[in-house]
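Reviewing the structure listed below.
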Amino acid sequence: MSDAQPQAGGAATAEAGGDQDAEGECAEPLHPVGRIADWGPTDTPAGELRLVPVVPARDLGLLTSWMNDPVVDAFWSLAGPPERIAAHVRGQLTRGGGRSVPCVGVLDGRPMSYWEIYRADLDPLAHHYPSRPHDTGLHLLIGRPEDRGRGVGAALLRAVADLVLRHRPCCGRVVAEPDVRNAASIAAFRAAGFRRVGEVLLPEKRAALMLRER
């Protein structure tokens, strides 16, 4: 099992075929989130960001090291052997035929973050808030300690929300549900243009419901 770092042109095993949500067409697509591998790089104040869909055989070692960081584990609760992280990623890759796409965030050619971009309206989360069709959710962890606490997370969240709204024209809102105890994450979402609209009690946490509207 390789832990080689993903490159900007990495293949996306979770995606194939045409992109979703062509302009003016909001029918349920074959790939509900879309071909993120084709979204291309985007400039941020922290550097050029590219989302590279996860390939477990390539990325598992990197993700395991990040998940075993105590700062990450405090809110992701996935510390443990590679098999545990592999099971989580496999669940994302097989979740509802593309309704969630796990990605590595590559900043200026350097893998440094993990993302899950998912259809919030098709997720169990939709039972806990007044969801709208095509709501798209974001999960983020910053893998490298040196990238935390200096505004990088907010810059990346703003950029990825922009990418979602640009490439998913039927999506009117980007949704996030950070743990209410995670003050740093909530602050980053606010700095990225999200507003806190309430709290939701999920099976695994009490979350702040954050929305960024088109």
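The values are calculated or read from the model by the stated rules, or taken from the named source; none is laboratory data. Small disclaimer: the values here were computed from a predicted structure and weren't measured. Quick reminder, even Gly has a Cβ in these numbers, built from the backbone with ideal geometry, and neighbours come from all protein chains shown. For accessibility, only protein heavy atoms count, side chains too; no ligands or nucleic acids. Shrake-Rupley method; radii C 1.70, N 1.55, O 1.52, S 1.80 Å.
When L93, L125 are compared by accessible surface with a 1.4 Å probe, the order from highest to lowest is L93, L125.
In plain terms, the C-alpha convex hull of the stretch 112-214 casts an average shadow of 6.0 nm² when viewed from every direction.
Looking at the stretch 24-178, the accessible area is 39 square angstrom per residue; that uses a 1.4 Å probe and ignores ligands, DNA and RNA. The alpha carbon centroids of the stretch 153-201 and the stretch 55-109 are separated by 20 Å. Given R₀ = 30 Å, what would the calculated FRET efficiency be for A86 paired with R214, taking r from the Cβ atoms and rounding to 0.05? The computed FRET efficiency comes out at 0.25. With the highest mean first, a sort of the peptides 170-176, 198-204 on other beta-carbon atoms found within 10 angstrom per residue produces 170-176, 198-204.
Fully extending the segment from R132 to N68 would add 19.5 nm, taking 0.36 nm per residue of separation and subtracting the current Cα-Cα distance.
Could the peptides 157-168, 78-89 be put in order, highest first, of the mean number of other beta-carbon atoms found within 10 Å of their residues?
Peptide ranking by packing, descending: 157-168, 78-89.
What a 1.4 Å probe finds exposed on the stretch 140-194 is 51% carbon and sulfur by accessible area, rounded to a whole percent.
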